[in-house]
Amino acid sequence: MEKGKIGVTTENIFPIIKKFLYSDHEIFLRELVSNATDAIQKLKALSSAGDFKGELGELRVQVTLDPKKKTLTVSDNGIGMSAEEIDKYLNQIAFSSANEFLDKYKDQASGLIGQFGLGFYSAFMVSDKVEVISRSYHENVPAVKWICDGSPEYSIEEAKREERGTDVILHIDKESKEFLEESRIENMLKKYCSFLPVQVQFGNEKEWKDGKMVDTGKPKIINNTQPAWTRKPADLKDEDYASFYRELYPMGEEPLFHIHLNVDYPFKLTGILYFPKIRNNFEIQKNKIQLYCNQVFVTDSVEGIVPDFLTLLHGVIDSPDIPLNVSRSYLQSDSNVRKISGHITKKVADRLADIFKKDRETFEKKWDDLKLFIEYGMITEEKFFEKISKITLYKNTAGKYFTLEEYDKIIKENQTDKDKSLVHLYTTDPVAQHTYVAKAAEKGYDVLVLDGQLDTHLINTLESKEPSSRFVRVDSDVIEKLIRKDESHVSKLAQAQADDLATVFRTQVADTDKARFNVRAENLDENDLPMVITQSEFMRRMKDMAQFGGGYSFYGEMPDSFDLVLNTNHPLVISLAGDLDKEHADELKKNSAGIEKTKVEIEFMEKEQGKKKPEEIPSVEKDDLERLKGELKQLEEKRKNLLGGFGNDHQAVRQLIDLAMLANNMLKGEALSAFVKRSISLL
Ligand code: ADP
């Protein structure tokens with residue numbers, strides 16, 4: 001037996017390895033099985049090159065547990081190692097790279113280190129002793145056994161092993177007992193090794209027989225050595241893609257489409273991505289994209305590797321060119337990674353464009369499930385927007401789908417306003433906003449349904465790119481003003497009458513914490529409704545955006561503000577004006593004369609006093625002005641009370657307000673009960 005010391009600078013590296021890799025101990029198994037796989041792949045390569053002439057036999061990695069001896073063994077029948085090779089690979093190269101790694105990353109957070117492969121030495125994260133028994137594929141080279149107990153000392157001696165290959169035997173330490181549990185190891189193998197190119201066996205299949213589990217004698221193979229993404233697209237049918245999806249996500253809902261990625265240059269990348277159905281919410285994506293490196297699972301958190309919106313997709317990406325042994329922030333700035341991101345984005349857009357072109361019907365059918373994903377991409381990735389905006393669909397209230405280009409052609413004639421701006425009307429809820437949608441239809445306008453979570457964001461983006469076109473919700477103004485054209489109605493009421501009536505109505509609505517009301521009189525068509533409620537497009541959109549955070553939260557705090565628009569040409573409103581005139585004409589006339597006179601006096605005095613310096617104005621004059629201002633306030637108050645009294649006395653006022661509220665889904669609780677009662681009494 002030969003003893004030696006591994007060439008390291010750090011006196012005892014193992015405690016450090018243990019400490020630093022704390023967060024991700026389980027990767028040791030991935031590393032050892034990968035090494036075993038490599039050893040087999042190398043042998044296969046030698047064989048096909050004619051450099052190995054022996055029998056390959058059944059090439060397989062075997063993982064075995066021996067709970068009694070407290071060992072976990074990874075065996076392979078690959079190329080094996082001679083004593084010299086063990087010395088070279090395990091004592092010198094592997095150890096020095098482990099050492100170098102620790103030197104470099106000692107100060108970094110341990111979370112990050114989970115992403116690093118430490119190779120063979122990660123075995124010491126879970127073992128207090130590691131034995132390697134190996135026999136080289138070269139004939140007449142004796143088998144050797146290498147033992148290391150976690151100090152830099154190792155021993156190497158001749159051993160017994162008849163077959164070529166390597167056993168790595170881990171003596172699991174006290175803190176790592178979990179790795180002696182069968183289910184734990186099986187889960188880890190499934191996670192990391194499900195798609196390795198070489199068969200991985202973990203014990204034998206078992207089955208229920210006579211009330212207990214019995215060994216069937218059939219090897220339990222953990223992996224599918226030829227997963228769909230490694231095969232040629234031409235050899236695969238839709239069903240193969242569907243079944244691979246189920247292999248990846250047994251619980252997943254059937255996806256909409258798939259894309260098979262296959263790139264050789266300037267980087268190597270293969271994979272299959274699936275478009276899931278995303279109806280509402282970016283629910284936490286349980287079926288994440290999995291990242292592989294030569295069929296070895298690396299991670300399923302691909303943030304930073306692919307653009308954010310693509311993380312909504314499912315599937316597999318496999319690339320040996322994504323540098324895995326680095327931190328995330330490095331990944332994001334890596335030029336290969338950026339190229340890969342760009343490439344995937346382009347492929348996704350191309351695939352969608354292809355379906356749009358070849359099978360518009362399917363595209364439309366699946367649109368509602370795709371929309372959120374596409375809009376997210378359009379809003380966050382300029383490049384994606386450019387590629388996809390031409391095939392993005394918009395649905396109108398009749399349930400028809402259009403591209404924006406197609407749609408604009410249809411509405412151009414009727415929905416261009418006097419400033420040549422093309423107005424796209426939309427509803428966010430065709431049922432709740434039905435009155436407004438119906439009004440628009442009467443005018444011959446078309447209305448889009450924009451009820452998606454990101455629609456407000458999308459129309460902001462569209463408007464910023466195309467300033468001559470606008471999106472306006474159907475209830476954001478009265479129909480005449482939604483699309484302003486040069487036709488205006490003459491008012492049948494005098495301005496003062498209209499103002500008084502607005503005040504009458506204003507006295508009958510109460511603001512709440514969540515809603516503020518403003519009443520304004522407008523000269524609308526006499527066939528329009530007597531009162532309509534509108535909500536400014538700007539404020540509403542700002543509030544919508546506030547839900548997503550960002551710079552808009554200020555708007556989120558504000559109450560909703562609504563306009564009650566009184567149609568001064570509607571017969572009911574005109575008749576109310578008539579009643580007001582009949583009952584209060586004299587008082588109102590007297591009051592307005594008083595107000596006028598007082599205003600003139602105030603104006604005169606202010607002008608006079610303005611000519612003097614404040615200290616030159618005699619205090620009598622100052623008092624006079626104050627008194628006049630007080631009188632004005634009183635007169636105005638009086639008018640308001642008078643109008644309020646009129647409002648109280650005339651049930652039609654409240655009735656018209658409530659009808660408008662009702663049409664807007666805003667009449668609730670007590671107000672609703674009062675409305676019902678009043679309606680009955682009016683009948
Ligand atoms: P890496 O795999 O990144 O090269 P490792 O520390 O995991 O680094 O392994 C060092 C070297 O040891 C490998 O490159 C390989 O030559 C050799 N080796 C490790 N495990 C085996 C094995 N099961 N069979 C043959 N050679 C092995």
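The values are calculated or read from the model by the stated rules, or taken from the named source; none is laboratory data. Computed from a prediction, not measured in an experiment: that's the story for all the values here. Using ideal geometry, Cβ is built from the backbone for each residue, glycine included, and neighbour counts are taken over all protein chains shown. Remember, those area values only see protein heavy atoms, side chains included, never the ligands or the DNA or RNA. Shrake-Rupley method; radii C 1.70, N 1.55, O 1.52, S 1.80 Å.
For the chain, the dipole from Cβ point charges (+1 on Lys and Arg, -1 on Asp and Glu) about the Cα centre works out to 680 debye, to the nearest 20. Once the dipole of the chain is set up with Lys and Arg at +1 and Asp and Glu at -1 on Cβ about the Cα centre, which of Pro530, Ala432, Ile185 lies farthest towards its positive end? In the chain, that residue is Ile185.
Taking the Cβ-Cβ separation of Leu662 and Lys611 as r and a Förster radius of 41 Å, what is the calculated FRET efficiency to the nearest 0.05?
On the way: r = 57 Å, r/R0 = 1.38.
Calculated value: 0.15.
Applying a DSSP loop filter and a limit of 12 other Cβ atoms within 10 Å to the GluC sites (Glu not before Pro) in region 424-488 leaves Glu487.
With the radius of gyration and the Kirkwood radius both derived from the Cα set of region 228-371, what is their ratio Rg to Rh? If you can, show how the numbers build up before the last one.
On the way: Rg = 14.9 Å, Rh = 15.8 Å.
Radius of gyration relative to Kirkwood radius: 0.95.
Beta bridges from DSSP with both residues in the chain: antiparallel share about 75 percent, rounded to the nearest 5. Taking the 0 to 90 degree range and rounding to the nearest ten, how far is the long axis of helix 335-358 tilted relative to the main principal axis of the chain, both from C-alpha atoms? For 335-358 against the chain, the angle is about 60 degrees. Protein heavy-atom accessible surface, 1.4 Å probe, per residue over region 228-371: 49 Å². Between Lys599 and His434, the modelled label-to-label distance comes to 4.5 nm, taking each label 7 Å out from Cα in the direction of the beta carbon. Ranked by the mean number of other Cβ atoms within 10 Å of their residues, highest first, the peptides 490-500, 615-625 fall in the order 490-500, 615-625.
Largest accessible area first, the listed residues Val298, Val653, Val214 line up as Val214, Val298, Val653 when surface is computed with a 1.4 Å probe on the assembled protein chains. Seen against the Cα atoms of the chain and their longest principal axis, helix 182-193 is set at about 70 degrees.
In terms of the mean number of neighbouring beta-carbon atoms within 10 Å, the peptides 266-272, 558-564 order highest first as 266-272, 558-564.
State the antiparallel share, in %, of DSSP beta bridges confined to region 228-371, rounding to the nearest 5. Walk me through the numbers on the way to the answer.
On the way: 15 of 20 bridges.
That works out to approximately 75 percent antiparallel.
Please give the length that would be gained between Ser592 and Lys400 if that part of the chain were fully extended, namely 0.36 nm times their separation in residues minus their C-alpha to C-alpha distance (nm, one decimal).
Numbers: separation 192, 0.36 × 192 = 69.12 nm, distance 5.60 nm.
Length gained between Ser592 and Lys400: 63.5 nm.
Give me the number: length gained by fully extending Ser561 to Glu153, i.e. 0.36 nm times residue separation minus the C-alpha to C-alpha distance, one decimal in nm.
Values: separation 408, 0.36 × 408 = 146.88 nm, distance 7.80 nm.
Result for the pair: 139.1 nm of gain on full extension.
Taking 0.36 nm per residue of separation and subtracting the current Cα-Cα distance, fully stretching the chain between Val676 and Glu364 would add 107.9 nm.
Computed with a 1.4 Å probe on the full set of protein chains, the accessible area for Lys288 sits at about 80 Å². Taken one residue at a time, the phi angles of region 555-563 give Karplus couplings (6.51, -1.76, 1.60, θ = phi - 60°) of 5, x, 6, 6, x, 5, 10, 10, 9 Hz. Gly and Pro are set to x. Ordering Tyr394, Thr380, Trp367 by the projection of their Cα atoms onto the charge dipole of the chain, which places +1 on the Cβ of Lys and Arg and -1 on the Cβ of Asp and Glu, puts Trp367 at the extreme positive end. About its Cα centre, the dipole of region 179-236 is roughly 180 debye, where the only charges are +1 on Lys and Arg Cβ and -1 on Asp and Glu Cβ. When you count the other C-beta atoms within 10 angstrom of each residue and take the mean per peptide, 291-297, 506-512 line up highest first as 291-297, 506-512. Distance between the pseudo-spin-label points of Asn641 and Asp210 (7 Å out from Cα toward the beta carbon): 10.3 nm.
Any idea what diffusion coefficient the chain gets from Stokes-Einstein, in µm²/s, Kirkwood Rh on alpha carbon pairs, 25 °C, 0.890 mPa s? Provide the component values of the computation, followed by the final result.
Details: Rh = 32.4 Å.
Rounded to a whole number, D works out at 76 µm²/s.
For region 336-427, which GluC sites (Glu not before Pro) are both in a DSSP coil and crowded by at most 13 other Cβ atoms within 10 Å?
Details: sites: Glu361, Glu364, Glu375, Glu381, Glu382, Glu386, Glu405, Glu406, Glu413; in loops: Glu381, Glu413.
Here the sparse-neighbourhood loop sites are Glu413.
Got a sec? What order do Thr166, Thr380 fall in by accessible area at 1.4 Å, biggest, i.e. largest, first? Don't skip to the answer; put the middle values down first.
Values: Thr166 10, Thr380 65 Å².
Heavy-atom accessible area, descending, gives Thr380, Thr166.
Placing +1 on each Lys and Arg Cβ and -1 on each Asp and Glu Cβ, with no other charges, gives region 228-371 a dipole about its Cα centre of roughly 280 debye.
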